[in-house]
Amino acid sequence: MPFSIIPFLLLVVPILEIATFIVVGGQIGVVATLGMILFTAVLGSILLRIQGFQVLNQLRAATDAGRVPGRELGHGVMILLAGVLLLTPGFVTDTAGFLLFVPFIRNAIWSFLATRITVVGPGMGSGGRESYRRYPQDGVVDLDPDEFSETGTPDPGSPWSRDGNGSSGSENGPRRELPDHDGNKRG
């Protein structure tokens, strides 16, 4: 949603709410209108609690399965927004909030949004597929204690030796070029 629409919504939604209050209050009375507003706020908080815990359980299950919980996070945000809309006094915001509590509508919104956003987690490339780096990008090599020694002779087959044969060679001697994570050669 473009940010230029937000000032428009901040103006239009209160006007719609006031008009709806006047129409509904004229039909059923002021006390009944205020009672409905309180009832929707209480019902919204109950629904927020129930469906919020369901989404938390789905998030936990997705992360335990090793998946990035993009859909679950999207549903969680929509349920949180629904709770805020239901706690805001008004019939227009209550209607929007109740619609966001319906799983079918949340799925439709998520299907629409999922084509426009990319969820990327740790160890995942920009396409959403897992990618593993074979060589570091920033020049830092993280080794386990059994993979190095501070003294001793260098490993002749080490790719980190200057000429690739284990000898350090001269300072300007040949160096083995190592591929980066995309397979391109680097020095």
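Please treat every number below as a calculation from the coordinates, not as lab data. Everything numeric in this text was worked out from a predicted model, so none of it was measured. Ideal geometry is used to build each Cβ from the backbone, glycine not excepted, and the neighbour counts take in all protein chains shown.
Counting each pair of different Cα atoms once, what's the Kirkwood radius of segment 12-114 in Å, rounded to one decimal? Walk me through the numbers on the way to the answer.
Values: mean 1/r = 0.0675 Å⁻¹.
Here the Kirkwood hydrodynamic radius works out to 14.8 Å.
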Can you pull the one-decimal nm distance between simple spin-label points at Ile28 and Ser45, each 7 Å off the Cα toward Cβ? 2.0
Nearest-0.05 FRET efficiency for Phe112 and Asp144 at R0 = 41 Å, using Cβ-Cβ distance, is 0.35
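Calculate the FRET efficiency for Val13 and Ile105 from the Cβ-Cβ distance with a Förster distance of 22 Å, rounded to the nearest 0.05.
Details: r = 19 Å, r/R0 = 0.86.
It comes out at approximately 0.70.
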When you take every Cα atom in segment 1-40, what is the radius of gyration, and what is Dmax, the widest Cα pair distance, in Å? 13.5, 39
So how far apart, in nm, are the two label points at Leu80 and Met36 if each is 7 Å from Cα heading toward Cβ? 3.1
Determine the sum of side-chain charges near Ile37: Lys and Arg each +1, Asp and Glu each -1, restricted to other residues whose C-beta is under 12 angstrom from that of Ile37. -2
Taking a ≥ b ≥ c as the square roots of the Cα gyration tensor eigenvalues, with a/c under 1.5 meaning rounded and otherwise prolate when a/b beats b/c, else oblate, which class fits segment 41-80? oblate
